[in-house]
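Notes for the one structure printed next.
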Protein chains: 2
Amino acid sequence: MGDKRLTNNLIQELKRGTLTLSVLLMSGQPTYGYSLVTELQDAGIDVEQNTLYPLLRRLESQGLLQSSWDMGDSRPRKYYSVTDIGRKTAVLLGEEWRRINKVMSELMSGLMNGEERK
Amino acid sequence: MGDKRLTNNLIQELKRGTLTLSVLLMSGQPTYGYSLVTELQDAGIDVEQNTLYPLLRRLESQGLLQSSWDMGDSRPRKYYSVTDIGRKTAVLLGEEWRRINKVMSELMSGLMNGEERK
DNA sequence: CACAATACTGTATAACATACAGTATTGTCA
DNA sequence: TGACAATACTGTATGTTATACAGTATTGTG
């Protein structure tokens, strides 16, 4: 595996669950896929349609999101919004993220500063 | 899929790459698998042998770790230590982690406080 | 001596990101 | 008006990786 490919895979693994959490958080208000790509981009999260749409569908099948077609504007859009379970899950994931972040920060500041191993 | 199972999967995805980074950081000094399980546990990262050993082997096959058998003590141990590439990769992953964390923190503080959508 | 602790190997499975390949319709501009 | 871009979505296949499962062997302890 080439270096760049390996590095990309490792980075992807590092941020793997953050997209799910981001989407759940952003779906607190109804939103549609194409718009979500833009908002995520604005937030610093690069995601492509071919990743986002299967994710939306998966989260819906898992009961965390619900969808409805809106035919109002010039073109139809499928709006997604978070379910109660999805909202609760987002809160829980947020707490878990903070916990992980705390652990990693301590680990990184301890070891990258050359701290002694016990 | 049961709720608990789904939640566990989501959490696991959230922390998926952090184990790799943790192991790379802790392998700055030679360490063996069984001891690593303990140290990770102490650091707040629960991992089982059946997860860690395949990870160590994979990282070695990818050139990020190297290993050597030590027959010195009462029982043989396979020590792993980070390669140059592995060290560089850990630095890079650490920076990426900080970037991801920044993005997620802003996103979470913005949205979980009920901030308006643009 | 039986069992726990120490230390590791190997294979299969589940889950998910994303690559790939589309589809359809509206909007823009020459 | 027609070609192309933008908008918006569906569907399938592939690659990667955590971890479940099932061991193995040896030392240490009561």
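The values are calculated or read from the model by the stated rules, or taken from the named source; none is laboratory data. Keep in mind that what you see is a predicted model, and the values were worked out from it rather than measured. Every residue, glycine among them, receives a Cβ derived from its backbone with ideal geometry; neighbour counts consider all protein chains shown. Remember, those area values only see protein heavy atoms, side chains included, never the ligands or the DNA or RNA. Shrake-Rupley method; radii C 1.70, N 1.55, O 1.52, S 1.80 Å.
Can you compute 3J(HN,Hα) from phi for each residue in region B:88-97, using the Karplus curve 6.51 cos²θ - 1.76 cosθ + 1.60 with θ = phi - 60°, rounded to whole Hz and x for Gly and Pro?
3J(HN,Hα) across region B:88-97, in whole Hz: 4, 5, 5, 4, 4, 5, x, 5, 5, 4.
Can you list the distances in nanometres, one decimal and ascending, from the B:Ser81 label point to the identical position in each other copy, with the point 7 Å along Cα to Cβ?
Those separations, rounded to one decimal, come out as 5.9 nm.
Restricting to DSSP H runs of at least four residues, report the calculated mean residue ellipticity at 222 nm for chain B, -39500 (n - 2.57) per run over all residues, nearest 500 deg cm²/dmol.
It lands at -21000 deg cm²/dmol.
Amide H of A:Tyr32: which non-local residues (sequence gap of 5 or more, or other chain) have their own amide H closer than 5 Å, using H built in the peptide plane?
A:Tyr80
On the accessible surface of chain A, probed at 1.4 Å, how many percent belong to carbon and sulfur atoms?
Carbon and sulfur atoms account for 47 percent of the accessible area of chain A.
In sequence order, what are the phi-derived ³J(HN,Hα) couplings for region A:66-74 according to the Karplus relation 6.51 cos²θ - 1.76 cosθ + 1.60 with θ = phi - 60°, rounded to whole Hz, with x for glycine and proline?
Per-residue couplings from phi come out as 10, 10, 7, 7, 10, 9, x, 6, 5 Hz.
For peptide A:41-49, how many partner chain Cβ atoms fall within 10 Å of a residue's Cβ, on average?
For peptide A:41-49, the averaged partner shielding equals 2.
Using a label position 7 Å from Cα in the Cα→Cβ direction, what is the ascending list of nm distances from B:Arg57 to the same site in the other copies?
Result, one decimal in nm: 3.5.
Can you list the residues of region A:40-74 with backbone N under 18 Å from a point 7 Å past the Cα of B:Asn9, pointing along Cα to Cβ?
So the set is A:51-66.
In sequence order, what are the phi-derived ³J(HN,Hα) couplings for region A:17-29 according to the Karplus relation 6.51 cos²θ - 1.76 cosθ + 1.60 with θ = phi - 60°, rounded to whole Hz, with x for glycine and proline?
Listing the rounded values in order: x, 5, 5, 4, 4, 4, 5, 4, 5, 6, 8, x, 10 Hz.
Give the nm distances, rounded to one decimal, from A:Leu6 to the matching residue in every other copy, measuring between label points 7 Å along Cα toward the beta carbon; shortest first.
3.8
Mind pulling the angle between the C-alpha long axis of helix A:49-61 and the longest principal axis of chain A? Nearest 10 degrees, somewhere in 0 to 90.
80 degrees
Rank by packing, highest mean first: peptides A:2-11, A:80-89, with packing defined as the count of other Cβ atoms within 10 Å averaged across residues.
The densest-packed peptide leads the list: A:80-89, A:2-11.
For a quick protection proxy, order the peptides A:15-25, B:46-56 by their average other-Cβ count within 10 Å, most packed first.
Ranked from most to least packed, the peptides come out as A:15-25, B:46-56.
Note the buried accessible area between B and A here, summed over both chains, with a 1.4 Å probe, in Å² to the nearest 100.
Interface area, both chains combined: 4500 Å², rounded to the nearest 100.
Return the average number of partner chain Cβ atoms within 10 angstrom of each residue Cβ along peptide B:96-107.
That works out to 6 on average.
Give me the 1.4 Å probe accessible area per residue for chain B, excluding ligands and nucleic acids, in Å².
58 Å²
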